[in-house]
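Novice: The structure follows.
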Amino acid sequence: MTFSVGRCLIPLCLALSALSFASNALPPIEINENHVPAGILRDGVLTVQLDIAKGEWHPEAEDGVALSVYAFGETGHPLQNPGPLIRVVQGTEIHASIRNTLEVPISVRGLSEPNTTDARVRVAPGEIKEIKFRATTPGLYFYWGSSEVEDVKSRHGIDSELTGALVVDPIGVRADDEVFVLEMMSERAGPGARETLATINGKSWPYSQHFQYHVGQPVRWRWINATNEPHSLHLHGFYYRVDAINRGGRTETYEPDTRPLVVTQRIAQGETLDMSWSPDRPGQWLFHCHMVIHMTPPIVPKLAGLVKREGDNHSDEHSNMHDAGGMGQLVVGITVRDSNPARPIAAWHADRKLKLEISERPGLPRYALRVHDLAQAESPLDKPGLIGPPIILTRGQPTEIEVVNQLKDPTAIHWHGIELESYYDGVPGWSGSEKQITPPIPPGNSFIARMTPPRAGTFIYHTHWHDPSQLTNGVYGPLIVLPPGDKYDPASDLAFVFSIGDFGALREIALINGTPQNKTLQLQVGKKYRFRLINISTNNQAMQIALRNSQGPVEWRILAKDGADLPPTAVRTTSAQLPVTVGETYDVDFASAAAQDLQLDLLLPAAKVHVTQTLSFTQPVPESTAK
Ligand SMILES: [Cu+2]
């Protein structure tokens, strides 16, 4: 995978060519993968001495772009990003000191008994403050500093990297885990920020951590969102369990059998997430934020005052990005090896063959998708809609889908949520194995994806070509897997795909099934409907989907999330308003007892966006009078 000159013009190179400053010899900031706890533990007391200083941080290659930022360090040791890991067993007394070497005062939060996260220590320039507390509640927490703001949601600029993890382990239980700190520098706080540099344990993809696991290995990952935006964390190829979420100092821990089973989970600012999973297939996999703005190369020109770089070494920088695959920021790579390489490879025979044609068309959206079942050789291709048509598969049926690229640009299709072989997962330049890496599909070429979906549910197929124009011009659609024997009934099984369209001068517009102006759907009173709700927008992690009458939300039943059925005890009738984040799917069912018009609403409250689809329920016409 190489970058064209055109690609180089967009993100980092712009910052680099515009800004070349001589270094003013700041101390280096080392990357911290949170494997080694800081401080000295003696007689149940952890003593840790922290410094706050300005240093030089390399979020990509060690000889790549450099930023001068505030960072924590342990006294006598290099500065670190994220800051020193404070990790103790429940009941440990923590004696911390914070020395502020900056010329501005810094407020530090989170160094306190967990669940009292409001406790704040203000450290004046040159001052040393002492803090003593006992860590009594097991969980995942963080401490953070700022020279300007009182809320992590508002933190930005030079303060952004002042974060460290605080882990309190239960007595006698020390899980083998990884602790990740998400940090993000932006020119300002809030969802409108376009220049972002988001990192995982201080590095942006492809310099972020790369994990090697073997098939069957239990994996426990723990995430801290210390950024000023929520993120939507998506695992390729496998489901994961949500073990615990800490919201504002209060940890919600799930019993083993009620842990949500997901492929995508939203984590808001200040929240922490414990997750566990285990790969059951080898290959090259990804875990990433599904917001396009956080999984493509960083855009940092507006962070100008912070960018420091010695010399002018563009060609090196350029080559360093060769492995990026068009991605950047919040992405980690995972290589899973089969511990039994002698395992026989099952012979492949496709019971069903489909063709997915992607072509260009005049007007908007720019791309047209058609699906063709090769067993029905004579069936004419349907007229393309505004998004891709539903692809209907059967659980357990080996299926081939030939993706035919009739575009002028390369593409790649990811089968989001499907547990399949890595080579067919659709991340060009990454999926597959060291021997066989998934290629992009060049113009005029095709790629045959194989899958035998093990689970019936609602999934997504979407472009994984890292250029937002395909994702905002219809290169996605619902991927529906039915149990064997079930027949797809489009009259009662309705997919609603929520996305963002790039409408040229009008720019971004929220869409339901590819349009902001939906025709009324005529439905029947008393009939049970399955609604498949899919958010495949670019960055809209805060979408709310509601079904409402004039009084407010009605009630529906949530059946499944991300294609996985909820356990029977978790299926219950709820108020019909649901956050559905980027890359999430939900299945709900609903029946209307009376004739009425309801609104299926896509809401983005902060952006004051409201797109609606009317569902008009009427009494069915009796058969005798129907013609
Ligand atoms: Cu994100």
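Novice: Taking 0.36 nm per residue of sequence separation and subtracting the Cα-Cα distance, how much length would be gained by fully extending the chain between D257 and R120, in nm to one decimal?
Specialist: Length gained between D257 and R120: 45.6 nm.
Novice: Could you pull out every residue, at least 5 positions away or on a different chain, whose amide H is within less than 5 Å of the one on Y529? Hs are placed 1.01 Å off N in the peptide plane, and Pro or chain starts have none.
Specialist: Here the answer is F590, A591, since their amide H atoms fall under 5 Å of that of Y529.
Novice: Provide, as a two-decimal number, the C-alpha radius of gyration of the range 506-627 over 2.2 N^0.38 Å, N being how many residues it has.
Specialist: 1.13
Novice: Given +1 on the Cβ of Lys and Arg, -1 on the Cβ of Asp and Glu, and no further charges, what dipole in debye does the chain carry about its Cα centre, rounded to the nearest 20?
Specialist: 1360
Novice: T515 versus A570, label points 7 Å from Cα toward the beta carbon: distance in nm?
Specialist: 3.6
Novice: If you split all Cα-Cα distances of the range 205-269 into 10 Å bins from zero, what percentages do you get per bin, shortest first?
Specialist: Here the calculated profile for the range 205-269 is 16, 48, 31, 5.
Novice: Also, quick follow-up: Below 10 angstrom from the Cβ of P298, what's the summed charge of the other residues (Lys, Arg +1; Asp, Glu -1)?
Specialist: That sum, taken over residues with Cβ under 10 Å, equals -2.
Novice: Under a plain spin-label model, where a point goes 7 Å from the Cα along Cα-to-Cβ, how far apart in nm are E130 and S339?
Specialist: Calculated label separation equals 4.9 nm.
Novice: Can I get the semi-axes of the range 39-139's equivalent ellipsoid? Compute them from the C-alpha gyration tensor as square roots of 5 times the eigenvalues, in angstrom, largest first.
Specialist: 25, 16, 13
Novice: Compute the distance from the alpha-carbon center of the range 217-259 to that of the range 403-430, in whole Å.
Specialist: Each part's Cα centre sits 27 Å from the other's.
Novice: Rounded to the nearest 5, what % of DSSP beta bridges with both residues in the chain are antiparallel?
Specialist: Bridges in the chain that DSSP calls antiparallel: roughly 75 percent.
Novice: What does the convex hull of the Cα atoms come to per residue for the range 405-512, in Å³? Working shown, then result.
Specialist: On the way: hull volume 13.3 nm³, N = 108.
Looking at the range 405-512, the number lands at 123 Å³ per residue.
Novice: Could you tell me how many cubic angstrom of Cα convex hull volume the range 523-592 has per residue? Write down the numbers at each step before the final one.
Specialist: Values: hull volume 6.9 nm³, N = 70.
Once divided by residue count, the hull of the range 523-592 is 99 Å³.
Novice: Let me ask something else about it. Largest first and to the nearest Å, give the Cα extent of the chain along each principal axis.
Specialist: Projected onto its principal axes, the Cα set of the chain covers 87, 57, 53 Å.
Novice: Just to confirm a number: summing +1 for Lys and Arg and -1 for Asp and Glu over residues other than F531 whose beta-carbon lies under 9 angstrom from that of F531, what do you get?
Specialist: -1
Novice: Something else: Quote to one decimal, in nm, the extra length available between A350 and R194 on full extension: 0.36 nm per residue of separation minus the C-alpha distance between them.
Specialist: 51.7 nm
Novice: Expressed as a fraction of 2.2 N^0.38 Å, the rule-of-thumb size for a compact globular protein of N residues, what is the C-alpha radius of gyration of the range 479-536?
Specialist: Expressed relative to 2.2 N^0.38 Å, the Cα Rg reads 1.41.
Novice: First select every other residue whose beta carbon is under 9 angstrom from the beta carbon of A198; then total the charges, Lys and Arg +1, Asp and Glu -1.
Specialist: That works out to -2.
Novice: Which of the listed residues, I267, S208, T618, is farthest toward the dipole's positive end in the chain, when Lys, Arg count +1 and Asp, Glu count -1 at the beta-carbon?
Specialist: T618
Novice: Here's a follow-up. What's the extension gain from D597 to V149 if we count 0.36 nm per residue and subtract their Cα-Cα distance?
Specialist: 156.6 nm is the gain from fully extending D597 to V149.
Novice: Percent of Cα-Cα pairs more than 24 Å apart in the range 166-289, please. Could the numbers behind the result be given before it?
Specialist: On the way: 2222 of 7626 pairs.
In whole percent, the share of Cα-Cα pairs in the range 166-289 beyond 24 Å is 29.
Novice: In units of 2.2 N^0.38 Å, what is the alpha-carbon radius of gyration of the range 577-627? Walk me through the numbers before you get to the answer.
Specialist: Details: Rg = 15.9 Å, N = 51, 2.2 N^0.38 = 9.8 Å.
Working it through for the range 577-627, the quotient is 1.62.
Read the figures in this text as sums done on the coordinates, not as results from a lab. Keep in mind it's a predicted model, so treat the numbers as computed, not measured. So basically every Cβ, Gly included, is an ideal-geometry build from the backbone, and we count neighbours across all protein chains shown.
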